[in-house]
Amino acid sequence: MENEKIQLRLNETVSVELSSDTPDMQTMIDIIVENRATINIDDITVSCPDDNDFDKEGFEEMIKEVIKQYLETLRLEESCYQQIIESLNV
């Protein structure tokens, strides 16, 4: 497959363009972190040119699961951080 652009839409206003050859995962992670409060897993969509053999549905399913797990990890870390801060303020 030649280098194609994959559009990952995280919500109505936020999307990330990834290269199929060498996707910039750090940019994607940064955007997820910046927008974590507004991302709904069910709203995530993937689009790419129709004339290639890229498994869009498989990628969308996989990326939704990865983002879901990542957001859960961020929430857990934030919760633990808040508990520590509260314990120091006692």
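The values are calculated or read from the model by the stated rules, or taken from the named source; none is laboratory data. These numbers were taken from a predicted model, which means no experiment stands behind them. We place every Cβ from the backbone using ideal geometry, glycine too, and count neighbours over all the protein chains shown.
List the residue pairs whose Cβ atoms are under 8 Å apart, where the first residue sits in segment 56-68 and is of a type outside the set (S, T, N, Q), the second is at pLDDT 90 or above and assigned to a helix (DSSP H, G or I), and the two are 6 or more positions apart or on different chains.
LYS64/ILE41; ILE67/ILE32; ILE67/ILE41; LYS68/ILE41
If you take the residues of segment 1-26 that are in a strand (DSSP E or B) and in contact with a Ser or Thr (Cβ under 8 Å, 6 or more places away or on another chain), which of them is surrounded by the most Cβ atoms within 10 Å (Cβ to Cβ)?
Ranking the qualifying residues of segment 1-26, first place goes to LEU8.
Would you check which residues across segment 35-47 are acidic (Asp, Glu) and either touching a Ser or Thr at 6+ places or on another chain (Cβ under 6 Å) or surrounded by 12 or more Cβ atoms within 10 Å (Cβ to Cβ) (or both) and list them?
ASP43
Checking PHE54 against (1) among the hydrophobic types (A, V, I, L, M, F, W, C); (2) outside any helix (DSSP H, G or I); (3) more than 27 Å from GLU4 (Cα to Cα), which single condition isn't satisfied?
Exception for PHE54: condition (3).
If I go through segment 57-90 residue by residue, how many of them are of a type in the set (S, T, N, Q) and part of a loop (DSSP other than H, G, I, E, B)?
The number of residues fulfilling the criteria is 1.
Of these, ASN35, ASN3, ASN52, which one is polar (S, T, N, Q) and at pLDDT 85 or above?
Step by step, each of ASN35, ASN3, ASN52 is checked, and only ASN35 is polar (S, T, N, Q) and at pLDDT 85 or above.
Regarding segment 4-12, can at least one residue be identified that is touching a residue at least 24 places away in the same chain (Cβ under 8 Å), of a type in the set (S, T, N, Q) and within 29 Å of ARG75 (Cα to Cα)?
Looking for residues that are touching a residue at least 24 places away in the same chain (Cβ under 8 Å), of a type in the set (S, T, N, Q) and within 29 Å of ARG75 (Cα to Cα), one finds at least one in segment 4-12, hence yes.
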